[in-house]
Amino acid sequence: MSRTRTALLAAMALVAGATGTAFAVDPGSAGIAAVPCTVDYKIQNQWSTGFTAAVTVTNNSAAKSSWSLKWSYAGNQQVTSGWNAKISQSGVAVTAANETYNAQLATGGSVSFGFQGSYSGSNAIPATFTLDGVTCNVDGGGGPTDPPDPGGPSGRVNNPYEGAKVYVNPEWSANAAAEPGGSRVADQPTGVWLDRIAAINGAGGKMGLRDHLDEALRQKGSGELVVQFVIYNLPGRDCSALASNGELKADEIGRYKTEYIDPIKAILADPKYASLRIVTTVEIDSLPNLVTNTGSRPTAVPQCDVMKANGNYVKGVGYALNKLGDVPNVYNYVDAGHHGWIGWDDNFGPTAAIMKEAATAEGATVNDVHGFITNTANYSALKENNFTINDTVAGKSVRESKWVDWNRYLDELSYAQAFRGQLVSAGFDANIGMLIDTSRNGWGGAARPTGPGATTSVDTYVDGGRYDRRLNAGNWCNQSGAGLGERPKAAPAAGIDAYVWMKPPGESDGSSKAIPNDEGKGFDRMCDPTYTGNPRNNNNMSGALPDAPVSGHWFSAQFRQLMQNAYPPLS
C-alpha cells in the first residue's frame, strides 16, 4: 500500500470565508491508541476582520493534572479574548493552558475552550497542535525535540527539501551560464520536464530520465539530495492553452499509462536510485481546467468539456499518483494552479474537490499525495506588501478593483497557505506541504513599486502598489517585465515545504507565432504580443514578449530580462 507521511486518523481545515474544522477522531480505527491526543479546532463564526473558534482536546495518554496546548498560525491571526483556558500569544505562536477548574484531564477525557480573534487575508486552520510538547493527530506523537515526522511506513520524511541539496540540471545550467551574467544563477536547482514519451529516454541529444538520476547520484555525494521531475503528458493535455498541447490525443489514456507512466515508474523504482529524494510535480494545468473552463462559464473551452466528459484527466492523474506513489522515495506534489486562477469562491472549493476525486481514482489514495504545488510556470507575485485584501479606498474594497476583481487572494503565499487548508478539509493528510514556484515571479527592476499607489481610487491604489505588473493575472505566456523570484529554499513559511524553480527560467512558455515542430505543441494567441485577449484574461492584451520559440526551448531574451528584473536582485 502506498504511503507518504505518518498516517492521521482524520483531519479537516478551514478555507477563508467559510466555517471549518480541524479534527482527528475515529474511535473505531485500528491503532487509535497510538494517537496520543486529538484536537478539534472549529471556526464557529467568521467575518471580514475576525472570527470565533472552539477547540476540544482529547487526551489518549496518561492522565494529566495540568495541560498546555500549543499551535502556530500561518497568517496574521491574533487572539483577542478567550474563555475556559488561559490563552497567550507571541508572534504566530499561541499557548492555551488550563484554568484551575479544568486542569484534570483523564485518559480518554476531553476539555473544551474557545476564543475570539482577528485576522486579515486568509484564516487557515493551524497545521500542527502539541499537547504538553507531544504532537496530536499523529500516530506515535513525538516529543518536543522530535522532527515533525521522521518518516512513515515508506521511510519518507515530512519535508524532503529540509536538510538536502537539490539537483542542478547540467543542461539548463549550461544554457544559463552561456548568457552574460548567467553564471550568477547557473548553479540553482530547477525542475526537469518529462513532457513527452521520448523525453524518458532522451530526445534530440538531450539527457533522459536515467541520465538525470545518474547525475543526481553524482551530485548527491554522501548527503541527501532532492531531484525534481515534472510529469506532464496527459491525453488532451492543457485543454485551454494550445502552446502546451501534447502528443497524446484526448482518448489515449491507454498510451499514457503503458508508454509514459509505467516506464517512468520502472526507472524511478530501480534500487540504484533508492537513496535519492525524488519529487514529482504531477500534471500541471490539468485538473483546474475541469472546474474553470467547462460548461456554461464564459471561459469554457470545448476541448476542456471533452476532457471532463471522458474523465481522462482524473484517471490519468490518479494512475500516475498510484504508480509513482508505490516507489518509497518518490514524493508526489499535485499541481494546484495559482491564486489568479483558483482564488475565487466558485473555483476554490470545487478545485480541491476534483483533486480529491483524482487522488482516489485508478487505485490511488490520498496517501499517495505528499503535497501540492502552486504557480508552476506562472508569474503571480509571492507576497504583495503594499496593500491587503481588507483595505478600503474611496469607499471601495480592494476586492472591487479591476486587478483583484473580487478574488480573495492577492498573492501566492496567502493563496497556497489557504488552499492547503481547503485541501485538508477535502480529505487530504493534515501534514501535506506546499511548494511555490518562484522562478519568474520576482517583478523587480525599475518598475517595482516602493509603496502603495495613490488613494484617488481603489484602482489607482492597487495598480500603483502591486508588484505584479502584468496587464491581467490571467496572462501566462512569456510575460514582459517579469523577473526571477526568491531563490529556491526549504521551509520558508508555515505550511510551505519549499520555494522552487520548477519552471526553468529561460525556457519559453510558447511561440509568438506558429512554428512547425514534432513535439505536438501548437500556437496559442496568448503568446502573440499583438493579441487583444479573451474572457480568461478579461480581454486584455497578452503582455507576451516577441520572437519566442516553441514552449520548452531556450529563450535568451526572456532569460536576460528575468535576470535584469530579479527580486531579490542578483549581486
At 0.692 mPa s and 37 °C, Stokes diffusion of the range 163-310 via Kirkwood alpha-carbon radius, µm² per second:
193 µm²/s
With a 1.4 Å probe and all protein chains kept in place, how much accessible area does ARG210 have, in Å² rounded to the nearest 10?
100 Å²
Over the range 354-431, volume per residue of the alpha carbon convex hull, in Å³
119 Å³
Applying 1/(1 + (r/R0)^6) with R0 = 41 Å to the Cβ-Cβ distance of GLU162 and ALA203, what FRET efficiency is obtained, to the nearest 0.05?
0.75
Normalised radius of gyration for the range 418-571, please: alpha carbon Rg relative to 2.2 N^0.38 Å, two decimal places.
1.17
Work out from phi, with θ = phi - 60° and the Karplus expression 6.51 cos²θ - 1.76 cosθ + 1.60, the ³J(HN,Hα) of each residue of the range 489-495, listed in order in whole Hz, and give x for Gly and Pro.
7, 8, 6, x, 7, 4, x
Please report, for the Cα atoms of the chain, the Rg to one decimal and the Dmax as a whole number; what are they, in angstrom?
23.6, 76
For the range 257-359, Rg(Cα) over 2.2 N^0.38 Å is 1.20
For VAL92, the accessible surface traced by a 1.4 Å probe with all protein chains present amounts, in square angstrom to the nearest 10, to 70 Å²
For VAL230, residues with placed amide H under 5 Å, excluding near neighbours:
VAL192, TRP193, LEU194, THR281
Based on the Cβ-Cβ distance of ALA174 and ASP214, what FRET efficiency does E = 1/(1 + (r/R0)^6) give at R0 = 22 Å, to the nearest 0.05?
0.80
Links that overshoot a 32 Å alpha carbon limit, given the list LYS86/LYS396; LYS315/LYS503; LYS265/LYS383:
LYS86/LYS396; LYS265/LYS383
Using the Karplus curve 6.51 cos²θ - 1.76 cosθ + 1.60 with θ = phi - 60°, what ³J(HN,Hα) values do you get for each residue of the range 110-123, in whole Hz, with x for Gly and Pro?
10, 9, 10, 8, x, 7, 10, x, 10, 6, 9, x, 8, 10
Accessible surface ranking that places the most exposed of LEU248, LEU570 first, with a 1.4 angstrom probe:
LEU570, LEU248
Just the number, please: Stokes-Einstein D of the range 251-310 in µm²/s, Kirkwood Rh from C-alpha pairs, 25 °C, 0.890 mPa s.
174 µm²/s
Between the modelled labels at LYS489 and ASN538 (7 Å from Cα along Cα→Cβ) the distance in nm is 3.2 nm
Provide the gained length on full extension for the span ALA309 to VAL92, in nm with one decimal, where the gain is 0.36 nm per separating residue minus the Cα-Cα distance.
73.6 nm
How large is ³J(HN,Hα) for each residue in the range 308-317, as worked out from phi by the Karplus curve 6.51 cos²θ - 1.76 cosθ + 1.60 (θ = phi - 60°), to whole Hz, x for Gly and Pro?
5, 5, 7, x, 7, 5, 4, 5, x, 5
Given a Förster distance of 25 Å, report the FRET efficiency between SER110 and SER81 from their Cβ-Cβ distance, rounded to the nearest 0.05.
0.65
Give the Debye-formula value of log10 I(q)/I(0) at each listed q (0.13, 0.21, 0.24 Å⁻¹), with one equal scatterer per alpha carbon of the range 389-455, two decimals each.
-0.56, -1.03, -1.12
Counting sequence-distant residues (5 or more places) and residues on other chains, those with an amide H built under 5 Å from that of VAL334 are VAL282, GLY371, PHE372, ILE373
Euclidean distance of C-alpha centroids, the range 58-120 and the range 476-545, integer Å:
45 Å
Compactness summary of the range 184-259: radius of gyration and Dmax from Cα atoms, Å, are 15.0, 45
Rg/Rh for the range 301-361 to two decimals, with Rh computed the Kirkwood way over all alpha-carbon pairs.
1.02
Under 5 Å between amide hydrogens, which residues at least 5 positions from ILE496 or on another chain qualify, with H placed 1.01 Å from N in the peptide plane?
MET434
For the range 92-132, using Cα atoms only, the Rg and Dmax in Å read 13.2, 38
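The values are calculated or read from the model by the stated rules, or taken from the named source; none is laboratory data. Bear in mind that the values here come from a model prediction, so they are computed numbers and not experimental data. When we count neighbours, we look across all protein chains shown, and the Cβ atoms used for this are built from the backbone with ideal geometry, even at glycine. Just the protein is used for accessible areas: all its heavy atoms, side chains included, with ligands, DNA and RNA removed. Shrake-Rupley method; radii C 1.70, N 1.55, O 1.52, S 1.80 Å.
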